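Student: Handing you a structure now.
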Amino acid sequence: MMKKILLLLFVVVLLVSCGKKEVKPVSQESKMTQEAFALAEVIKNAFMVKDNITLKKSATAEGYQDITANTKGYDHVELTFTPRWVEIDNNQLQVNISWKSSWTVSGKNAEERGMAVFVMEGTPLKVSRILRGNPFVMPE
């Protein structure tokens, strides 16, 4: 009888000690980073289908100009983004993105790859500038 009580007590203590796991809240920086990665995908997808309305909603005037200024007419483009690093400074994010592009113009293909820095700010986030290798510029 005593062994059964000790076994039962042991099981209860084990269940109580392992019953609850503390869930840590998601930090503000983590939320901003997730929003930045999602915004980069929205802009990439909108650019590929030539959705200027979404591009204008997702960028400031200067950011929209960086996205659309250097593009000539193209038949098709495929872009692949891989976010690498995010720096947050006073509600401004600098999102480092490794990218690959494949452009089709008049039946000719051109490929390019590089690293860009998307500067994002505001609430909700918008792209305000693109630094370094702009993925939206068609290769020569």
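Student: Could you tell me how many of the residues in region 109-125 are touching a residue at least 24 places away in the same chain (Cβ under 8 Å) and surrounded by 13 or more Cβ atoms within 10 Å (Cβ to Cβ)?
Tutor: Going through region 109-125 one residue at a time, the tally reaches 8.
Student: Considering only residues of region 68-82 that are touching a residue at least 24 places away in the same chain (Cβ under 8 Å) and under 16 Å from the mean Cα position of the chain (by Cα), which is surrounded by the fewest Cβ atoms within 10 Å (Cβ to Cβ)?
Tutor: First, pick out the residues of region 68-82 that are touching a residue at least 24 places away in the same chain (Cβ under 8 Å): 68, 70-79, 81.
Narrowing further to those that are under 16 Å from the mean Cα position of the chain (by Cα): 79, 81.
Details: LEU79: 18, PHE81: 20.
Ranking the candidates gives LEU79 first.
Student: Let me ask you something else. Counting only residues that are outside any helix (DSSP H, G or I) and loosely packed, with under 13 Cβ neighbours inside 10 Å, how many does region 47-66 have? Even if it seems obvious, please write down each step before you answer.
Tutor: Taking region 47-66 first, the residues outside any helix (DSSP H, G or I) are 49-51, 59-60.
From what is left, the residues that are loosely packed, with under 13 Cβ neighbours inside 10 Å are 49-50.
Summing the residues that are outside any helix (DSSP H, G or I) and loosely packed, with under 13 Cβ neighbours inside 10 Å in region 47-66 gives 2.
Student: Then there is this: Of SER98, SER128, SER102, which residue is hydroxyl-bearing (Ser, Thr, Tyr) and either surrounded by fewer than 15 Cβ atoms within 10 Å (Cβ to Cβ) or more than 16 Å from the chain's Cα centre (by Cα) (or both)?
Tutor: Values: SER98 fails: either surrounded by fewer than 15 Cβ atoms within 10 Å (Cβ to Cβ) or more than 16 Å from the chain's Cα centre (by Cα) (or both); SER128 fails: either surrounded by fewer than 15 Cβ atoms within 10 Å (Cβ to Cβ) or more than 16 Å from the chain's Cα centre (by Cα) (or both).
Of SER98, SER128, SER102, the one residue that is hydroxyl-bearing (Ser, Thr, Tyr) and either surrounded by fewer than 15 Cβ atoms within 10 Å (Cβ to Cβ) or more than 16 Å from the chain's Cα centre (by Cα) (or both) is SER102.
Student: Every residue in region 83-106 that is free of Cβ contacts under 8 Å to residues at least 12 places away in the same chain and not acidic (Asp, Glu), please.
Tutor: Of region 83-106, the ones free of Cβ contacts under 8 Å to residues at least 12 places away in the same chain are 85, 87, 89-90.
Within region 83-106, TRP85, ASN90 qualify.
Student: In the list GLU62, GLU78, GLU87, which residue meets the criterion of being in contact with a Leu (Cβ under 8 Å, 6 or more places away or on another chain) and at pLDDT 90 or above?
Tutor: Working: GLU62 fails: in contact with a Leu (Cβ under 8 Å, 6 or more places away or on another chain); GLU78 fails: in contact with a Leu (Cβ under 8 Å, 6 or more places away or on another chain).
Step by step, each of GLU62, GLU78, GLU87 is checked, and only GLU87 is in contact with a Leu (Cβ under 8 Å, 6 or more places away or on another chain) and at pLDDT 90 or above.
The values are calculated or read from the model by the stated rules, or taken from the named source; none is laboratory data. As the structure is a prediction and not an experimental result, all values here were calculated from the model. Every residue, glycine as well, gets a Cβ built from its backbone with ideal geometry; the counts of neighbours run over all protein chains shown.
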